[in-house]
Amino acid sequence: MAKNVNMKGVDRISGLPDSILSHILSFLSTEEAVQTSVLSKRWRNLFTLVSNLNFEFDEKHIHWRKRHKSSTVRTFMCFVDRVLFFHAANVDNFRLKCGKRVDSDRIYGWISAAIRRGVKHLDLNISLDKFTFPGALFSCRTLVSLKLETGFVLDVPKGVHFPNLETLHLYKVKFLNDDSVKNLFSSCTSLADVVICRCNMKNISSFNISHHSLKRLTILYSFDGSNCWFMIDTPNLAYFRYNDDMVAGYSLENLESIVKADIQFSIKYDDNQADMTSIFQGVSMASSLSLCATSLKLLLSCEPLPVFSTMVELNIWPVNLWLGHSIDKGLELLLSRSPQLEKLCFFQQLLISLPEEVPSCLLSKLKAIYILSFKNDEDCMRKAKYILKNGGALENFTIRT
């Protein structure tokens, strides 16, 4: 019988191949990965093989202050310089977050180094008043995703080319002009997912997204867009979320492939603002539609009211509820334009009156209904009885007080 070998004290991990150890280190922060270099000679240079690099410095950042009480901006810059100088592998993920005290020339060099190493996923959060990205960024063929959060005006030059870029997230970006927007989106031939959040539209008169491959589009909380037109032409778009103030106008075309739409207009409301027919007509082919009460009010003001012939799910949330503003037409009118509706969730106050002619969807299609903010009063009871009496296909009826 073989003797049991006493493995106590044997370092099995260090015996693993470099590829496995570098993969393990990729789950650590860059700082922690570098710290493993002091473990032994075997670990001294392993951090240079890690493909994920994450550098973050902010004088207000709690993590940095607690662990490096005596650290300075210079310490951070030297640390990044050292890691990139010794780094020997390609970079899959490169994330950089830094404040105004970090030298802009160093930032320029770090981004350039990531590009030279074939970066695929680039996440930049740069709080500078002025900065010019390296020219190589705008012709980076390896980029698959680009996430920008900037405090400066973004000037996108002509000749930009992102042949493999699939994901583009812009946060707090201020574009120089309409050409910058056009140059950026026209350069991304493989684009599938776009998020535009808290961007400044002051310099933009036409924010035009015309793209054949785009599948997901999210627009949230933009600033100074009162003079801006949103123009969207995306024949393969499957998901569209718009949570924002109203802008000067909308043009939505070729959204026949849309599956889910979420339209949430903010509480700012002006009866003299843009015609909403285009945006709601544009999403009328969606299978699932989510609205807030303000969005419902705007939808019901459209002439003609769109027909939602393929919609099977409708959610109306009590966000920005306009209880102080009368809604002449209620949810009942929308139900009459939704013949295939199977699932409905709504705030009970939005069902203004009970139609004499029962909507066809209630008679034969609606399987699940959720009523929010239900009260023990005559009006609510009348609505519930109406639904139970006429719900020919109803399987689930949920009431939440």
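The values are calculated or read from the model by the stated rules, or taken from the named source; none is laboratory data. As the structure is a prediction and not an experimental result, all values here were calculated from the model. Reconstructed Cβ throughout: ideal geometry from the backbone, glycine too, with neighbour counts over all protein chains shown.
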Exercise for the section: Please work out if V181 is within 16 Å of L217 (Cβ to Cβ) and in contact with a His (Cβ under 8 Å, 6 or more places away or on another chain). Expected result: no
Handout entry: Scope the stretch 364-398; condition of a type in the set (A, V, I, L, M), in contact with a helix residue (DSSP H, G or I) (Cβ under 7 Å, 6 or more places away or on another chain) and surrounded by fewer than 15 Cβ atoms within 10 Å (Cβ to Cβ); matching residues
Key = A393
Problem - From the options F94, F76, residue that is touching a Leu at 6+ places or on another chain (Cβ under 6 Å), under 17 Å from S29 (Cβ atoms) and surrounded by 14 or more Cβ atoms within 10 Å (Cβ to Cβ) - result: F94
Problem - Failed criterion for P355 (all others in (1) within 29 Å of N243 (Cβ to Cβ); (2) touching an Asp or Glu at 6+ places or on another chain (Cβ under 6 Å) hold) - result: (1)
Practice task
Taking K172 as meeting all but one of (1) on the phi > 0 side of the Ramachandran plot; (2) over 22 Å from the mean Cα position of the chain (by Cα), write down the number of the exception.
Solution key: (2)
Exercise for the section: Scan the strands (runs of 3 or more DSSP E) fully inside the stretch 176-266 and keep the ones with 2 or more residues being of a type in the set (S, T, Y), surrounded by fewer than 17 Cβ atoms within 10 Å (Cβ to Cβ) and in contact with a Cys (Cβ under 8 Å, 6 or more places away or on another chain). Expected result: none
Exercise for the section: Confirm whether M201 is at pLDDT below 95, of a type in the set (A, V, I, L, M) and in contact with a Gly (Cβ under 6 Å, 6 or more places away or on another chain). Expected result: yes
Problem - Selection within the stretch 312-335 - at pLDDT 95 or above and of a type outside the set (A, V, I, L, M) - result: E313, N315
Practice task
From (1) at pLDDT 95 or above; (2) among the hydrophobic types (A, V, I, L, M, F, W, C); (3) more than 23 Å from S222 (Cβ to Cβ), pick out the condition that doesn't hold for L170.
Solution key: (3)
Exercise for the section: State yes or no: is F86 surrounded by fewer than 16 Cβ atoms within 10 Å (Cβ to Cβ), among the hydrophobic types (A, V, I, L, M, F, W, C) and either closer than 28 Å to L220 by Cα or over 28 Å from the mean Cα position of the chain (by Cα) (or both)? Expected result: yes
Problem - Condition check for L350: in contact with a Leu (Cβ under 6 Å, 6 or more places away or on another chain), of a type outside the set (G, A, S), without any contact (Cβ under 8 Å) to a residue 40 or more places away in the chain and crowded, with 16+ Cβ neighbours inside 10 Å - result: no
Handout entry: helices (runs of 4 or more DSSP H) completely within the stretch 286-401 that count 2 or more residues being under 26 Å from the mean Cα position of the chain (by Cα)
Key = 293-300
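Name every residue in the stretch 184-212 that is in contact with a His (Cβ under 7 Å, 6 or more places away or on another chain) and over 19 Å from L255 (Cα atoms), in order of residue number.
First, the residues of the stretch 184-212 that are in contact with a His (Cβ under 7 Å, 6 or more places away or on another chain): 185, 187, 191, 195.
The answer is S187, and nothing else.
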